[in-house]
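Participant: Sharing a structure here in structure tokens format.
None of the figures in this text is laboratory data; all of them are computed from the coordinates on show. Bear in mind that the values here come from a model prediction, so they are computed numbers and not experimental data. A quick note on method: Cβ atoms are made from the backbone with ideal geometry, for glycine too, and the neighbour counts reach across all protein chains shown.
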Amino acid sequence: SWKHSPELSEKLVALIFANGSIKRSLFPPCGPNASTKDGGGMSKAVAQWELCVFLLGELPKYKASIEAAAKVPKDKLAYGNKIKNRMTTYELLALELFYRQY
């Protein structure tokens, strides 16, 4: 459970800042956004899935289910939504940290 794993939340925020393409996808800079249709960036759903793999993919508790979900688009979306929901919970913290950099 996320409630009992604050280190996962901290790692999630750290992963966002460590990966520029994920950060730009989830928190686009001011100005025109890159078109994912024209190959100009990744969609938020893809970024959320990648975060899920980076965050949970090597943990014994989640490894098998993440590997199985990678083969089923519906399951990938479900896991990506778990990341999205967690990010919504911590949105103010993430935005504060993001804008502190600039």
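Participant: Gaussian network model of the chain, Cα springs within a sub-10 Å range: biggest mean-square fluctuation belongs to which of Pro73, Pro32, Pro60?
Facilitator: Highest fluctuation of the listed residues: Pro32.
Participant: In a shell of Cβ-Cβ distance under 13 Å around Ala14, excluding Ala14 itself, what net charge do Lys and Arg (+1) and Asp and Glu (-1) give?
Facilitator: With Lys, Arg at +1 and Asp, Glu at -1, the net is 0.
Participant: Now for a separate question. Can you list the HN-Hα couplings for segment 59-67, worked out from phi with the Karplus curve (6.51, -1.76, 1.60; θ = phi - 60°), rounded to whole Hz and with x for Gly and Pro?
Facilitator: Going residue by residue, I get 7, x, 5, 10, 3, 5, 6, 5, 4 Hz, with x marking Gly and Pro.
Participant: Can you compute 3J(HN,Hα) from phi for each residue in segment 43-53, using the Karplus curve 6.51 cos²θ - 1.76 cosθ + 1.60 with θ = phi - 60°, rounded to whole Hz and x for Gly and Pro?
Facilitator: Ordered by residue, 3J(HN,Hα) equals 6, 5, 4, 5, 4, 5, 5, 4, 4, 4, 5 Hz.
Participant: Now for a different question. Please report, in whole Å³, the volume per residue of the convex hull around the C-alpha atoms of segment 2-100.
Facilitator: It comes to 103 Å³ per residue, whole-number rounded.
Participant: Might you report the magnitude of the Cβ-based charge dipole of the chain about its Cα centre, with Lys and Arg at +1 and Asp and Glu at -1, to the nearest 20 debye?
Facilitator: The calculated dipole for the chain is roughly 220 debye.
Participant: Which one, Pro29, Leu95, Val53, is farthest towards the positive end of the dipole of segment 2-100 when Lys and Arg carry +1 and Asp and Glu -1 on their Cβ?
Facilitator: Sorting the options by dipole projection puts first Val53.
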